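Presented below is the structure to which this report refers.
The values are calculated or read from the model by the stated rules, or taken from the named source; none is laboratory data. These figures come from a predicted structure and were not determined experimentally. Backbone-built Cβ (ideal geometry, glycine too); neighbour counts: all protein chains shown. Note: accessible area is taken over every heavy atom of the protein model, side chains too, but ligands, DNA and RNA are not part of it. Shrake-Rupley method; radii C 1.70, N 1.55, O 1.52, S 1.80 Å.
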Amino acid sequence: MEEEVKAIQASSHSLGQRSIATRWMVNTLSVAAVLLVVVNICIYYFTRQYYYGSAESYVVSEANASQTILARLYDDLSSNFSSEVRNIVESFNKKEQMELMSINKDGVVTLTSSGFKPNDEYLMPDYEKALVSDNGVGVYLGRDGGKNILAVTTIISRPSASYSALRFVTSLEKIDSQIGGIMLTSLIVSVFILLVVALTGVYFVKSIVVPITRIGGTAKKFAKGDFSERIPVTSHDEIGQLSRAFNEMADELENSEQIKNDFISSVSHELRTPLTAIKGWSETLEAGYDPESFQKGMKVITGETKRLEGMVEELLDFSRIQSGHFSFQMTTLDLIAELEDALLIYIDKSKKENIKLSYNEPEFMAAVVGDKNRLRQVFINIIDNALKYTEPGGAIDIIAEKNDDAVIVSVSDTGAGIAPEDLPKVKTKFYKANKTKHGSGIGLAVADEIVLRHGGTLDIESELGKGTTVTIILPLKAS
Ligand code: ADP
């Protein structure tokens, strides 16, 4: 099966097209990948916002708190403001988390809680912002010394020469590594999702491509006349329905192939029997004859020729039906007269075969618009079948009735009957339920077509071993 998929892929590639599998995978995976990239960007953005925001509000609140302390100190006349500020910076109790700096009125760092004093070119964008801001607070989020930092400067409301602002600086390294951890987890989950999408995709595409490939391969075999293979139906979905429909088509094809072969062989047989008789008698007569055998021979030759002619006519009618050239010469006729004409042909035969033929001989006429010869042909086919499938000693009962708008003719026999499984098929072309009797299997198909084309119906009821009733209903001519 794998090879079949590869073969299909190879052939579609050679046509410059991509296989369903490749197309599906490329489409789904690229959509999933784009979505996951967008989701990851959002996760990064919102996490960063959240963490940096929390850090910022923490440092700003720290700055505000020290501002409050400083205001109190300033008001306390007993304290030395400068030394208090120095004390605050030097003994800053959150050294672990952030660094506190004091800045003089020239914007130079005078003291730091860590003891490290930056040089004079040290840039402090937050200090610049604080100077121009309304509330005296400036925030800087950016890089310093190769690391991300958060710096908040608050201008002392009543500054001295050496202490005009306090600056809180915290490294964002920890936060960055936390964000990094979240992003790593998110990326792993994304890769996992992509893998799941790819694997389920492969499974899904396989469940479509494999049966389709199989159907394609089997169809090629059908094209070569091999109808033996069937597609296993493993699901109830569209693929299952397609496989089932395909198998049904294969059954039909196989069946009609079989029926056609049977038809050809039965028609050949049918033709051979009269031909053999004609050939035999002509050879006999050619060798010399007496008046009696001449008479007998000529009777056989004429009879068999008529039979051949009838068969060829039936075949021609059938081929006309098939090609759509089945034409009718419509006139107003008496259907009862046509029925009786057909019946006459079989009176002798039924006597010879010891089959009791009864007919209700109605007094009425049944005016129907139709083709005389073809309607007579319908009755001939039906009565012929009744005789053919009824054994000597049996009976055939023909009844003609009429109501306000239709004439109903039923032909019942006490013959072999038709099995229930064959009954729906006997009207189809070439179908022979009973293969022991002569016949091409198209008599009923032709009769049914003729009746249908006259706006009527031909129904068959039958019980195997008991007998068959064929009922023909034809509309009467509107008066
Ligand atoms: P055929 O030339 O084989 O008679 P038909 O189309 O006339 O072909 O009939 C189709 C099949 O229907 C027959 O092969 C036979 O099995 C069945 N059939 C038709 N009429 C009768 C009947 N009166 N009794 C039993 N079987 C019948």
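Using the Cα gyration tensor of the stretch 419-476, with a ≥ b ≥ c the square roots of its eigenvalues, what is the shape: rounded (a/c below 1.5), prolate (a/b larger than b/c) or oblate (neither)? Could the numbers behind the result be given before it?
Numbers: a/c = 2.47, a/b = 1.47, b/c = 1.68.
Oblate.
Starting from the amide H of ASP144, placed 1.01 Å from N in the peptide plane, find each other amide H under 5 Å away whose residue is 5 or more places distant or on another chain.
Long-range HN contacts for ASP144: ILE149.
When the scattering of the stretch 39-88 is computed by the Debye formula from its Cα atoms alone, each counted once and equally, what is log10 I(q)/I(0) at q = 0.14, 0.24 Å⁻¹?
Cα-only, vacuum Debye calculation for the stretch 39-88: -0.52, -0.84.
In square nanometres and to one decimal, what's the mean projected area of the convex hull around the Cα atoms of the chain?
Working: hull surface 194.5 nm².
One quarter of the hull surface, i.e. the mean projection, equals 48.6 nm².
Enumerate by residue number the chymotrypsin sites (Phe, Trp or Tyr not before Pro) in the stretch 367-456 meeting two conditions: DSSP loop (anything except H, G, I, E, B), and at most 11 other Cβ atoms within 10 Å of the site's Cβ. Show your work: numbers first, answer last.
On the way: sites: PHE379, TYR389, PHE430, TYR431; in loops: TYR389, PHE430, TYR431.
Answer in residue order: no site qualifies.
Bin width 5 Å, origin at 0, all Cα-Cα pairs of the stretch 198-247: what percent of pairs per bin?
Cα pair-distance distribution for the stretch 198-247, in percent: 5, 21, 28, 21, 14, 7, 3, 1.
In whole Å, how far is the Cα centre of the stretch 163-238 from that of the stretch 414-444?
58 Å
Could you report the accessible area of TRP281 in Å², rounded to 10, computed with a 1.4 Å probe on the protein chains as they sit in the structure?
60 Å²
Write down the accessible area per residue of the stretch 411-456 in Å², having rolled a 1.4 Å probe over the full set of protein chains. It would help to have the intermediate numbers written out before the result.
Working: 2050 Å² over 46 residues.
Result: 45 Å² of accessible area for each residue.
Amide H neighbours of GLY394 under 5 Å, at least 5 residues apart or on other chains, H built in the peptide plane: list them.
Under 5 Å from the amide H of GLY394 lie the amide H atoms of LYS356, each far enough along the sequence or on another chain.
On a 0 to 90 degree scale, rounded to 10, what angle separates helix 443-453 from the longest Cα axis of the chain?
Orientation of helix 443-453: about 70 degrees from the principal axis.
Calculate how steeply helix 173-223 sits against the longest principal axis of the alpha-carbon atoms of the chain, using the helix alpha-carbon long axis, and give the answer as 0 to 90 degrees to the nearest 10.
Compared with the principal axis, the helix lies near 10 degrees.
Rounded to whole Hz and in sequence order, give me ³J(HN,Hα) for the stretch 290-296 from the Karplus expression 6.51 cos²θ - 1.76 cosθ + 1.60, θ = phi - 60°, writing x for Gly and Pro.
9, x, 5, 6, 4, 4, 5
Once the Cα atoms of helix 20-75 and of the chain are each reduced to a long axis, what angle between those two axes, in degrees from 0 to 90 to the nearest 10, is obtained?
Tilt relative to the chain: about 20 degrees.
Suppose all protein chains stay in the model; what accessible area per residue would a 1.4 Å probe give for the stretch 93-180, in Å²?
On the way: 4670 Å² over 88 residues.
Accessible area per residue: 53 Å².
For LEU111, which sequence-distant residues (separation of 5 or more, or a different chain) have an amide H within less than 5 Å of its own amide H, given hydrogens modelled in the peptide plane?
Correct list: SER102.
Per the Kirkwood formula on distinct C-alpha pairs, the Rh of the stretch 325-479 is how many angstrom?
On the way: mean 1/r = 0.0636 Å⁻¹.
Evaluated on the stretch 325-479, it is 15.7 Å.
Tell me, what % of the accessible area of the chain is carbon and sulfur with a 1.4 angstrom probe?
Working: 16300 of 28160 Å².
Of all accessible area on the chain, carbon and sulfur atoms account for 58 percent.
Each residue of the stretch 424-438 in order: what ³J(HN,Hα) in whole Hz does its phi give by Karplus 6.51 cos²θ - 1.76 cosθ + 1.60, θ = phi - 60°, with x for Gly and Pro?
x, 9, 4, 7, 7, 4, 6, 7, 10, 7, 10, 8, 7, 9, 5
Per residue, how many Å² of accessible area does the stretch 213-369 show with a 1.4 Å probe? Please report the intermediate quantities before stating the final value.
Values: 10310 Å² over 157 residues.
Per-residue accessible area for the stretch 213-369 comes out at 66 Å².
Which chymotrypsin sites (Phe, Trp or Tyr not before Pro) from the stretch 33-136 combine a DSSP loop assignment with at most 12 other Cβ atoms within 10 Å? Provide the component values of the computation, followed by the final result.
Values: sites: TYR44, TYR45, PHE46, TYR50, TYR51, TYR52, TYR58, TYR74, PHE81, PHE92, PHE116, TYR122, TYR127; in loops: PHE92, PHE116, TYR122.
Here the chymotrypsin sites (Phe, Trp or Tyr not before Pro) that fit, given the DSSP loop and packing criteria, are PHE116.
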